[in-house]
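First the structure, in the form of structure tokens, and then the observations on it.
The values are calculated or read from the model by the stated rules, or taken from the named source; none is laboratory data. In this text the structure is predicted, and so the values were computed from the model without any measurement. Note that we place each Cβ from the backbone using ideal geometry, even for glycine, and neighbour counts take in every protein chain shown.
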Amino acid sequence: MNSEWVSTLRNDEPMLLANLESVKATGQEWLVQIGIGNVASVPILQRGQVIGQIGIARFIPARSLRDNDVRLLESAAAYLALTLAKEDPSPAS
């Protein structure tokens, strides 16, 4: 797995890798080799810290992921963050 791609998972910004079939020499070739055409991922944030990621992958030749798919993931990530905060026994900062 490409370390650059992994580092984006710890970032607090959404990631959208669309049309991976056309991406060459970026370390993402393994995604295409296993049949993935598009990837979107967004952070799950608690108190400004990335505590996880939620993402989706679409298989070739499925339609490309778009910004509205990322917005849907952001909504799901916000809900997950609230749910996880209710289960987190650590004190709030």
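Keeping to region 6-31, report how many residues are at pLDDT below 70, outside any helix (DSSP H, G or I) and surrounded by fewer than 14 Cβ atoms within 10 Å (Cβ to Cβ).
Selection size over region 6-31: 4.
List every residue pair whose Cβ atoms sit under 8 Å apart, with the two residues 6 or more apart in sequence or on different chains, where the first one lies in region 38-49 and is basic (Lys, Arg) and the second, anywhere, is at pLDDT below 90 and outside any strand (DSSP E or B).
Cβ pairs passing all conditions: ARG47/ALA92; ARG47/SER93.
On the basis of being modelled with pLDDT of 90 or more, closer than 20 Å to ALA18 by Cβ and not in a strand (DSSP E or B), does ALA62 make the cut?
Answer is no for this residue.
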